[in-house]
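The values are calculated or read from the model by the stated rules, or taken from the named source; none is laboratory data. If you're wondering where the values come from, they're calculated on a predicted model, not measured in any experiment. All Cβ positions, even for glycine, are placed from backbone atoms using ideal geometry, and neighbour counts span all protein chains on display.
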């Protein structure tokens with residue numbers, strides 16, 4: 001009521017933080033990490049510079065935090081979608097489907113995951129390796145053989161998959177059957193190579 005001395009609460013600090021994290025991914029996907037400025041990010045998020053620095057020390061911290069959050073969100077969706085009662089191939093297909101659906105919903109995600117993360121400095125590269133280890137851990141739950149594969153092999157496989165998905169995103173073909181089949185081929189070739197017998 002006017003004149004009562006009460007005010008409507010503004011957005012919470014957590015809401016500001018979420019807006020900044022979403023904004024930095026959008027701007028980096030459009031402009032590239034090197035050309036993205038804090039001014040760009042706060043303008044997209046519609047917050048002040050002061051608010052930015054209350055949430056993050058610098059552009060790199062904001063971007064790395066956003067990258068880690070986006071990666072973890074996709075992994076959570078995979079965890080929720082995969083039915084442990086399915087056979088290992090079906091579980092793999094489900095996980096691939098969730099990943100491709102996330103990219104199809106926002107193709108800028110794959111640009112950030114594959115291209116810009118390697119341009120953002122040492123903290124970003126360290127975050128990328130941590131994320132790849134998390135992806136490997138999720139994929140390792142598919143079968144005993146998957147769990148036994150070394151980190152280097154999963155790193156190589158994930159790099160190949162992400163590059164294929166990036167090509168598909170650039171062509172607006174992420175939702176097509178071809179990219180899904182190619183990703184499955186990479187994973188199945190890795191898991192069923194001679195001498196490897198994935199357990200159920």
Output the residues belonging to segment 144-162 that are more than 19 Å from residue 98 (Cβ to Cβ) and under 18 Å from the mean Cα position of the chain (by Cα).
155, 156, 159
Here the residues within segment 133-176 that are closer than 30 Å to residue 30 by Cβ, without any contact (Cβ under 8 Å) to a residue 12 or more places away in the chain and outside any helix (DSSP H, G or I) are 171, 173, 176
Mind checking which helices (runs of 4 or more DSSP H) fall wholly inside segment 1-114 and carry at least 2 residues that are touching a helix residue (DSSP H, G or I) at 6+ places or on another chain (Cβ under 7 Å) and either surrounded by fewer than 17 Cβ atoms within 10 Å (Cβ to Cβ) or modelled with pLDDT of 85 or more (or both)?
13-31, 38-45, 49-55, 59-81, 88-105
